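First the structure, in the form of structure tokens, and then the observations on it.
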Amino acid sequence: MTGVPVVVCRACDGLTFTVDTCVCTYDGDRLFVEGDRPGDGTAYRDCQLCQGVGRVARPCRPCGQTGRRRAQLVLTMANVDTGAVASANVVPGVVEPAPWPGGGDWHLPLAPLVRELAAAVGAGSWRDVRMPNRSPDGPVVFLPRRWKPGLPEPTRRALEAAAIAAESGWPWYLLLGRTAVDPPRDLAADLGRWCRLADLLYLDLVVEARRRHSHADDLSWSIRYEIPGGAVPAEAHGWADDLPGAIAATTLHDAMYGLIERGRAAPAHYLAGRDRECPQAPSVDLDQLERRIVADCTDVATGAATAGAQAVWRDGRWWHTSLRTAGTTETFVERSTGQIACRQAVVLRRGWQPPAPDHPSGTSTAATATRTVGCGPAPARWPVDLPIRTASSVPAPAAARPRCAA
Ligand SMILES: [Zn+2]
Ligand SMILES: [Zn+2]
């Protein structure tokens, strides 16, 4: 097979659109929908999507409404230290299929191709630009079960083309490499750096273990930044099985994601610049921290399971607390079908609140660094007695002020 083959889109069979079951059928012909009560499969008669028919036509996204897909992936490796770049064009026939280890499926082994590219540009380590945590071996392309080594070559290549085309939603894999081999990741050092950043930004760093189900022993671990005084979020957004797994699966961007939403009910603080010593990254004992959090998932007095536990890094130390169930909330949401859904969520609270952050406050001079302006929900507007800083009141930078590296 020569050139780049184009195959018919499997999602729409070349029609450029699909006819799908309308989502209103999941809940049946009801205006008010309760979370755990599945419908009987009938359409909602006043559905705004299907007008009660139960099926809707949608433009086909995988093929971009063309009805066809290119059976082509491009792997590009760039060494950012030297500027050397090499690419490989993956079309049917370029990579010889191999059996998947331990199973009967066949796949296209792209890892050797990636390593050839790395050797060509002199990269000792590399990462996928789009998904840095993904395996550096590139995408995994499984072949249809019908693929067998004994099939005629045109049939084999056609099946390979279908498999490659199915992966072509993101057809260009850009890998950025460095000449030196990356040292193994030091998870404790990473957590220490995040603690230091929390100190710098006057934020809490929260390490949390939450029970996946109310009576289950398995815990779901997550790490995130919070504004001090905020409520426990309804969703943890982390699914790691232990603390090292949570650190490994979390980037700084992940830990910051949703910070504003989580802090909407937190007490407001007035922040102003000040001279201060740059905090050092603490040394964190992961085993000890994990054991303490796991221990807090059991009530000391009764031996009953709690909803979870947290360790909160605030004011340069860890504060430990369990999580307790504090009732449920109901939220009514209008769906795109026009139905009204009632969502129930368990409300969690901390069993014990760490002391308020020890940020410098109490003076009304322009040198005030941080000042709490409310103890309840964030005020609708700033109080009028806050000191207003003007250009003339900003102190000149000290000559020997310590600098904080990023
Ligand atoms: Zn399509
Ligand atoms: Zn519908």
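The values are calculated or read from the model by the stated rules, or taken from the named source; none is laboratory data. Note that the structure is a prediction, hence the values are computed from the model and not measured. Note: ideal-geometry Cβ built from the backbone for every residue, glycine included; neighbour counts use all protein chains shown.
No other residue among ARG30, ARG69 is in contact (Cβ under 8 Å) with a residue 60 or more places away in the chain and either within 16 Å of ligand 1 (Cβ to nearest atom) or within 30 Å of GLY138 (Cβ to Cβ) (or both) apart from ARG69. State whether one or more residues within the range 11-23 are more than 16 Å from ligand 1 (Cβ to nearest atom), in a loop (DSSP other than H, G, I, E, B) and modelled with pLDDT of 90 or more. The answer is yes; a qualifying residue exists. Going by the conditions given, is GLN280 among the polar types (S, T, N, Q), crowded, with 16+ Cβ neighbours inside 10 Å and touching a residue at least 60 places away in the same chain (Cβ under 8 Å)? It is false that GLN280 is among the polar types (S, T, N, Q), crowded, with 16+ Cβ neighbours inside 10 Å and touching a residue at least 60 places away in the same chain (Cβ under 8 Å). Of the numbered criteria (1) touching a residue at least 24 places away in the same chain (Cβ under 8 Å); (2) within 16 Å of ligand 2 (Cβ to nearest atom); (3) not small (Gly, Ala, Ser), the one VAL74 fails is (2). If you go through the range 83-96 and keep only what is under 21 Å from VAL6 (Cβ atoms) and part of a loop (DSSP other than H, G, I, E, B), you end up with VAL91, PRO92, GLY93, VAL94, VAL95. For the range 103-162, a tally of residues being surrounded by fewer than 18 Cβ atoms within 10 Å (Cβ to Cβ), small (Gly, Ala, Ser) and in a loop (DSSP other than H, G, I, E, B) returns 6. Within the range 180-194, does at least one residue satisfy the condition of being in a strand (DSSP E or B) and either farther than 23 Å from ASP285 by Cβ or of a type outside the set (Val, Ile, Thr) (or both)? Taking every residue of the range 180-194 in turn, none turns out to be in a strand (DSSP E or B) and either farther than 23 Å from ASP285 by Cβ or of a type outside the set (Val, Ile, Thr) (or both). Do we have VAL333 as among the β-branched types (Val, Ile, Thr), assigned to a loop (DSSP other than H, G, I, E, B) and either free of Cβ contacts under 8 Å to residues at least 60 places away in the same chain or in contact with a Leu (Cβ under 6 Å, 6 or more places away or on another chain) (or both) here? It is false that VAL333 is among the β-branched types (Val, Ile, Thr), assigned to a loop (DSSP other than H, G, I, E, B) and either free of Cβ contacts under 8 Å to residues at least 60 places away in the same chain or in contact with a Leu (Cβ under 6 Å, 6 or more places away or on another chain) (or both).
Restricting attention to the range 24-44, the residues being within 9 Å of ligand 2 (Cβ to nearest atom) and either assigned to a loop (DSSP other than H, G, I, E, B) or within 30 Å of the chain's Cα centre (by Cα) (or both) number 3.
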